[in-house]
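The values are calculated or read from the model by the stated rules, or taken from the named source; none is laboratory data. Here the structure is a predicted model, which means the values were calculated and not measured. Heads up, the Cβs are rebuilt from the backbone with ideal geometry, glycines too, and the neighbour counts pull from every protein chain shown.
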Amino acid sequence: MLKVIAKEDVNSEVDRLIKRKEITTDLPEAEVVKGIIKEVRKKGDAALVKLAGKYDNVKITAAGLRVSDEVVKKAYKKVKESFFGPLTKAIQNITAFHRKQKSDEWFETLPLDVVLGQRLIPLEKVGVYVPGGRAIYPSSVLMNVIPAKVAGVKEIVLASPPPIDPYVLVAAAEVGVDQIFQVGGAQAIAALAYGTETVPKVDKIVGPGNIYVTLAKKEVFGTVGIESLAGPSDVLIIADGDAEAQFIAADLLAQAEHDPNSIAVLATNSLKLIEKVEKEIKKQALKLERKKIIEQAEIVLLQVETIKQAVEIANKIAPEHLELEVGSPQRILEQIRNAGAVFMGPYSPVAVGDYIAGPNHVLPTGGSARFSSPLGVYDFVKHQSIVGYTKPALKNVWKDVKLLAEIEGLDGHARSIDIRFS
């Protein structure tokens, strides 16, 4: 669905888009998801086998849930030889970028031999969910697994709907996934969260999916960690009158082909550019294989008064992807507070970030860029605080701690200090 919004209607349209982007989990599907989770917890592998037939139309045995090394070896023979060059380059770039995110542990000794510090402890076991269905996603394997590997996670378990595409299997093997399971949807999330006879229980689940996956992640949160709840994917492009209409139209369409719920927005102060982009969208869409999905997605062309207003709109919408198709994107960058990833200039399309640039393409959706970040190494480590006091050091603050505890009415806390010196 393509819409052109005039200046006087921009504010109300922005409000609508913000509401449209919200991640809604109070849905009829929630009861279905709760039922699936309950069944997996109760029946384990038997439930996974049954649900694979029901939802994926695949007959599978409990023994076939785990993908064997032999199947992975055969997958290598089914992919194009030309796949390995770009795959290797993507792995190298993504790894190099995420290595820069690693933090250091620290310890310091203060007067009276007080020792304070912070340890960084990688998670033991992580589950990565890779969606299937509308497309093949080896890139999602790389983006979810590599930061976990860089963080030092000991074991990575991957789940994806059956049958898993050879390109996904090869990508998983190349980045060192430890176990691969042919399990999709809410049942995969339940299996990873609670474990079955075959699927191991993990500490955290990452990776996007459909509404059933999102609802399942919400349901199991607390039993395991999750990185986020995925909402509709979106892009906002800020462009001036000199921007290239062909590029903008192509980037809007690239976003729209993701999913029928995708949102692609252009904000520009040039009516002439809007007219050109509108024509280009109609022309280019005809050539795309996923035009039926594009027709259901939202493409919105906003005419704004100034580029400054476009920046204000970006900060309100907090897009997952933000493209700056303006003369000096660096000048605008410092004004951008809320965006998952920012793409600078006409030759930095979202697609290069999705696959090979290096930064993670698992980004905050649903406007959550206001308070959250792209998936990174920091999502796979725990921070542990260290406190070490000597007797003289504790005696130095004894009365202060006792007073604060008494003010809070916690006499047990006060006594635990007092008993050491009274």
**OP:** Would you check which residues across the stretch 147-174 are crowded, with 24+ Cβ neighbours inside 10 Å and out of contact with any strand residue (DSSP E or B) (no Cβ under 8 Å at 6 or more places or on another chain) and list them?
**Re:** Pro147, Ala171
Original post:
What residue, of Val401, Val352, Val377, Val397, is touching a His at 6+ places or on another chain (Cβ under 9 Å), surrounded by fewer than 20 Cβ atoms within 10 Å (Cβ to Cβ) and either outside the structural domain of Tyr129 (by TED's automatic domain parsing) or touching a residue at least 40 places away in the same chain (Cβ under 8 Å) (or both)?
Top reply: Val401
Original post:
How about the stretch 178-194: which of its residues are out of contact with any helix residue (DSSP H, G or I) (no Cβ under 6 Å at 6 or more places or on another chain) and over 16 Å from Ile226 (Cα atoms)?
Top reply: Asp178, Gln179, Phe181, Gln182, Gly184
Original post:
Looking at (1) outside any helix (DSSP H, G or I); (2) within 24 Å of the chain's Cα centre (by Cα); (3) more than 19 Å from Leu333 (Cβ to Cβ), which is the only condition Leu253 fails?
Top reply: (1)
Subject >> Among the residues listed as Ile263, Ile180, Ile237, Ile211, the single one being within 30 Å of Leu286 (Cβ to Cβ) and either over 18 Å from the mean Cα position of the chain (by Cα) or of a type outside the set (Val, Ile, Thr) (or both) >> reply: Ile237
**OP:** Kindly provide the set of residues from the stretch 178-190 that are surrounded by fewer than 24 Cβ atoms within 10 Å (Cβ to Cβ) and in a loop (DSSP other than H, G, I, E, B), ordered by number.
**Re:** Asp178
Original post:
Counting just the residues of the stretch 191-204 that are among the β-branched types (Val, Ile, Thr) and crowded, with 24+ Cβ neighbours inside 10 Å, which one comes out farthest from Lys125 (Cα to Cα)?
Top reply: Val199
**OP:** State which residue is nearest to Gly358 (Cα to Cα) when the search covers only the stretch 102-136 and only residues that are buried (at least 16 other Cβ atoms within 10 Å of the Cβ) and more than 14 Å from the chain's Cα centre (by Cα).
**Re:** Ile136
**OP:** Among the residues of the stretch 100-128, count how many are within 26 Å of Gly225 (Cα to Cα), free of Cβ contacts under 8 Å to residues at least 60 places away in the same chain and of a type in the set (D, E, K, R).
**Re:** 3
Original post:
Considering only residues of the stretch 379-422 that are in a strand (DSSP E or B) and more than 30 Å from Ile146 (Cβ to Cβ), which is farthest from the chain's Cα centre (by Cα)?
Top reply: Gly388
Original post:
So which residues in the stretch 256-266 are part of a loop (DSSP other than H, G, I, E, B) and under 13 Å from Leu288 (Cβ atoms)?
Top reply: Glu257, His258
Original post:
For the stretch 1-84, which helices (runs of 4 or more DSSP H) that fit wholly inside it have 1 or more residues that are surrounded by 18 or more Cβ atoms within 10 Å (Cβ to Cβ) and modelled with pLDDT of 95 or more?
Top reply: 29-43, 45-55, 69-78
Original post:
Given the structure, is Ala369 buried (at least 16 other Cβ atoms within 10 Å of the Cβ), free of Cβ contacts under 8 Å to residues at least 24 places away in the same chain and part of a helix (DSSP H, G or I)?
Top reply: no
Original post:
Can you tell me how many residues in the stretch 201-219 are touching a helix residue (DSSP H, G or I) at 6+ places or on another chain (Cβ under 9 Å), farther than 24 Å from Asn57 by Cα and either of a type in the set (A, V, I, L, M) or not in a helix (DSSP H, G or I) (or both)?
Top reply: 5
Original post:
So, in the stretch 359-384, of the ones that are touching a Lys or Arg at 6+ places or on another chain (Cβ under 9 Å) and among the β-branched types (Val, Ile, Thr), which residue ends up farthest from Ser262 (Cα to Cα)?
Top reply: Val381
Original post:
How many residues does the stretch 301-332 contain that are part of a strand (DSSP E or B) and buried (at least 22 other Cβ atoms within 10 Å of the Cβ)?
Top reply: 7
Original post:
Residues Val153, Val168: which one is without any contact (Cβ under 8 Å) to a residue 40 or more places away in the chain, out of contact with any His (no Cβ under 6 Å at 6 or more places or on another chain) and farther than 30 Å from Asp26 by Cβ?
Top reply: Val168
**OP:** Consider Leu87 carefully, then state whether it is surrounded by fewer than 20 Cβ atoms within 10 Å (Cβ to Cβ), touching a helix residue (DSSP H, G or I) at 6+ places or on another chain (Cβ under 7 Å), touching a residue at least 60 places away in the same chain (Cβ under 8 Å) and over 19 Å from His383 (Cα atoms).
**Re:** no
